[in-house]
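The values are calculated or read from the model by the stated rules, or taken from the named source; none is laboratory data. From a predicted model like this one, the values you see are computed outputs, not experimental measurements. Note that each Cβ is placed from the backbone with ideal geometry, even for glycine, and that neighbours are counted across all protein chains shown.
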Amino acid sequence: MAACLEKGAEEQTLKWEGKACAQLLGPKPEQIWPFLEDFFGLSKWFPTLTTCKGVEGVEGQPGCVRYCAGFRTPVDDNYYFRVDKERTMNWTKQKLLSIDPLEMTLSYSIVDSNVGFNSYLSRVRVVPIEDGCSIEWEYEVEPVKGWRLEDLHGFIGSGLQIMAKRMEEALAQTN
């Protein structure tokens, strides 16, 4: 498994942008796509995400919304604690904007959260490469209070690497 990380806009701009990639050697795109197409199943793959469930609409249909909670971010120790030091659970609500099984791509936005993501848009796709496939996760968001652009790149990049590893392991168990 290999990774790529492209850093886009700098912190001074109106939007932060980037792209993370995870290359899976062996699995074909059509083997990996069903894991990502399962919009309400993200907690099976994303690290520290304890909950992912549908709260609106029909799964897999544009307009459906998933509630994701329990994940840790790179800045949790800095400001996501209440006065009594009890941990506040991070959560987001994410709306599926588009999905194309033939192109193996989907896009979604974060419509509500307690982690400071405003105007977050993302596109995830699976593309064929020689000897396997690559998962590409492109994103843009307004700068997040308390975060640095590097925090966002690291959060998405490392999360994607763990997701890809877990997907490879799931495929190995079925063979």
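Observations, loosely collected:
- Flag if LYS165 is within 19 Å of LEU24 (Cα to Cα) and out of contact with any helix residue (DSSP H, G or I) (no Cβ under 9 Å at 6 or more places or on another chain): yes
- Annotation for segment 77-99: at least one member residue is part of a helix (DSSP H, G or I), among the hydroxyl-bearing types (Ser, Thr, Tyr), over 13 Å from the mean Cα position of the chain (by Cα) and at pLDDT below 90.
- Listed by first and then second residue, the pairs with beta-carbon distance under 8 Å, at least 6 apart or on different chains, first residue in segment 37-59 and assigned to a helix (DSSP H, G or I), second surrounded by 15 or more Cβ atoms within 10 Å (Cβ to Cβ) and of a type in the set (Ser, Thr, Tyr), are PHE39/TYR108.
- Qualifying residue in segment 21-41 (condition: more than 13 Å from the chain's Cα centre (by Cα), surrounded by 14 or more Cβ atoms within 10 Å (Cβ to Cβ) and at pLDDT below 60): no
For (1) free of Cβ contacts under 8 Å to residues at least 40 places away in the same chain; (2) outside any helix (DSSP H, G or I), each residue gets a yes or a no:
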| residue | (1), (2) |
| --- | --- |
| LEU102 | yes, yes |
| SER109 | yes, yes |
| VAL124 | no, yes |
| ILE135 | no, yes |
| GLU138 | no, yes |
| VAL144 | no, yes |
| SER158 | no, no |
| ALA164 | no, no |
| GLN173 | yes, no |
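- Selection within segment 146-156 - in a helix (DSSP H, G or I), surrounded by fewer than 18 Cβ atoms within 10 Å (Cβ to Cβ) and either in contact with a helix residue (DSSP H, G or I) (Cβ under 8 Å, 6 or more places away or on another chain) or not charged (D, E, K, R) (or both): GLY154
- Subset of segment 94-136 [exposed (fewer than 14 other Cβ atoms within 10 Å of the Cβ) and over 28 Å from LEU171 (Cα atoms)]: VAL111, ASP112, ASN114, ASN118, SER119
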